[in-house]
Every structure is written in structure tokens, then in C-alpha cells.
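Notes follow once the structure below has been shown.
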Amino acid sequence: MKIAMLGPVGIGKGTQSQQVTQRLNYTRLSTGDLVRDHIEADTELGRELEGYYERGEPVPDDVIMDLVRPHLNPAGAWILDGFPRTMAQVHALEEELEKRHIGLDKVIVLEGPSDEELIERITSGRRQSLATGRVYHTEYDPPPNPGEGWDPGPFVQRDDDKEEALRRELEAYHEEAEKIKEYYDEQGILAVVNADQDVPDVTEDIIAALGYPEERTPRA
Ligand code: ADP
Ligand code: AMP
């Protein structure tokens, strides 16, 4: 299956797409991670994108498309995290998938907490592992203690986890979200999942929305 997972910043796209890929043996592609990778590696593109990223502004659609294109494997089972985020990206993605004779099977939109709650969620303790890229929360989804888990960390706060940047990201999301939802709803592939629950309960709802019966070995 080819899946996109959308929702405002802080809603749990990273967390849930990691859970789902692990459970169902999918590949995860996060456009936020692709942007961060370039910035961290200090590439020419990374230096160009740093300003957008730190301000919480969307990176231009053509740049995002260039980053995503090589990963749209027609034979794979994958989940896109945080993409497409604009109607221009929706159309560009569709064009790319048509060339490969494939299409999205499901678009999961996570919703529930208010913008203020999302900002609180992130600023109160979002941490990302430098070793694995996995996202945690110091209180709601704590990273393993050193030596106890499979993820050695270190667990750091992201450069864009600042209130002002988060507000800009939320604003950019709300500008496009309804149009994108409407578009995929008309195609009959939209599923809205309540993200105002504990992490494992959201995961179960997503897996059910994807049509996997509980406890069954999935097939891609
Ligand atoms: P996004 O990728 O949508 O920006 P993240 O997956 O990074 O969101 O989650 C934002 C923060 O909220 C992280 O610290 C994560 O551990 C935490 N989190 C994710 N889902 C939940 C949840 N259902 N309840 C409480 N905290 C959550
Ligand atoms: P995220 O990790 O998904 O919160 O994304 C972090 C930042 O990366 C965003 O604020 C944007 O600057 C950039 N970004 C990630 N995905 C996209 C996208 N699909 N379109 C435009 N910009 C993006």
C-alpha cells in the first residue's frame, strides 16, 4: 500500500508513521527528515533551506518534489510523513505516481488537539534521537534509559521546536489542509483519525483505518 500521513505539527505524524512502519514492515519517508538531513550535512541545498526550516516556513514545492521523487518506489509499501502539504504538491505527486502507474491507497489525517495543545506538547519535551531519528517525548513517550533500549540516543531538541516557528508551521498547515482533505475525500481514500488519545491507541486506529485486521500478519 502507498500511504500519506498528514496533520499539523506536533500531532504525532513522526511517532505514528514510525510505529506503523515497524508494525507493518513499511518504508517511511519524512520530508521534514529529508530537509533536516541536508541541513545537518551542511550541503549547498541544506544552506538554502535552513532559513525556511528555522522560521517554520514551507520549503518551495519544487525543492520538496526533487527530494521526494527518487523515493517513490512503485513496488514498495511506503508511508509519506508530512507530504503532500500543499495542493501544488498534491498535483505534482499525482503526476509522479501516474508515470509509475501507481497511486495513493490511503491518506490518513491526524486531528484532535488544539494548536495551543500541540505547541505545549512539543515545547514541553519533544526529543529526537540522533542515532535513529526516532521521536520521543520526555513525559508522554519517553526515550529508553541509556543501555536499556535499542536506541542509544543522544536525544536532542530540534532547532525548529520554538514557539514562533511552530506557530508559522501551524498557520501554513491550516491554509492548505481543508482543500487537501476535500480532494482526497472525493477520491474516497481519506481517513481522519483521532490523535487526541495515547500513542498506542492512535496506532491501533490507524492500523484499523488501513484495513488491517488486528493481530494478522500484514501483506504489503
Ligand atoms: P509531528 O511529526 O506530527 O510533528 P511528532 O510525532 O514529532 O509529531 O510528535 C510531537 C511530540 O508529541 C513528540 O514529542 C511525541 O513524542 C509526542 N506525541 C506524539 N503523539 C502523542 C500522543 N498521542 N499523546 C501525547 N504525546 C504525543
Ligand atoms: P516537519 O519535520 O514535518 O515538522 O517539517 C519541518 C520543516 O521542514 C517544515 O517547517 C518545512 O520548512 C519543511 N518541510 C517538511 N515537509 C515539507 C513539505 N512537504 N513542504 C514544504 N516544506 C516542508
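A short reminder: the numbers here are calculations on the coordinates, not readings from a lab. A quick note: this is a predicted structure, and the numbers were derived from the prediction, not measured. With ideal geometry, Cβ positions are generated from the backbone for all residues, glycine too; neighbour counts draw on all protein chains shown.
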(request) Scan the stretch 138-220 for GluC sites (Glu not before Pro) in coil per DSSP, keeping those whose Cβ has at most 14 other Cβ atoms within 10 Å, and list them by number. (result) 139, 148, 214, 215
(request) Amide H neighbours of residue 153 under 5 Å, at least 5 residues apart or on other chains, H built in the peptide plane: list them. (result) 131, 132
(message) Defining a contact as two alpha carbons under 8 Å apart and six or more residues distant in sequence, what relative contact order in percent does the stretch 63-194 show?
(response) 31 percent
(message) Among 67, 128, 103, whose Cα projects farthest towards the positive end of the dipole of the chain, with charges put on the beta-carbon of Lys, Arg (+1) and Asp, Glu (-1)?
(response) 103
(message) Under the rule of at least 5 residues apart or a separate chain, name every residue whose amide H is placed under 5 Å from the amide H of residue 109.
(response) 6, 191, 192, 193
(message) Taking amide H atoms as placed 1.01 Å from N in the peptide plane, list the residues 5 or more away in sequence, or in a different chain, whose amide H sits under 5 Å from that of residue 77.
(response) 27
(message) In the chain, if the dipole is taken from +1 on Lys/Arg beta carbons and -1 on Asp/Glu beta carbons about the Cα centre, which of 91, 138, 213 is farthest to the positive end?
(response) 213
(request) Name the residue, out of 144, 70, 152, whose mean-square fluctuation peaks in a Gaussian network model built on the chain with Cα pairs under 10 Å. (result) 70
(request) Kindly work out what percent of the DSSP beta bridges joining two residues of the chain are antiparallel, to the nearest 5. (result) 25 percent
(request) In a Gaussian network model over the chain where Cα atoms closer than 10 Å are linked, find which of 193, 59, 156 has the largest mean-square fluctuation. (result) 156
(request) Specify the longest stretch of the chain that does not include any exposed loop site, a site being one of the trypsin sites (Lys or Arg not before Pro) with a non-H, G, I, E, B DSSP assignment and at most 11 other Cβ atoms within 10 Å. (result) 1-215
(request) Identify the residues of the stretch 53-79 with backbone N under 16 Å of a label point that sits 7 angstrom from the Cα of residue 101 along the Cα-to-Cβ direction, or state none. (result) 73-76
(message) Suppose every Lys and Arg Cβ carries +1 and every Asp and Glu Cβ carries -1, with no other charges. What dipole size does the stretch 46-87 come out with about its Cα centre, to the nearest 20 debye?
(response) 140 debye
(request) Would you list, by chain and number, the lysines whose Cα falls below 21 Å from the Cα of residue 13, excluding same-chain residues fewer than 8 positions away? (result) 2, 106, 162, 179, 181
(request) Run the numbers on the chain and let me know its relative contact order in percent, using alpha-carbon pairs under 8 Å that are six or more apart. (result) 31 percent
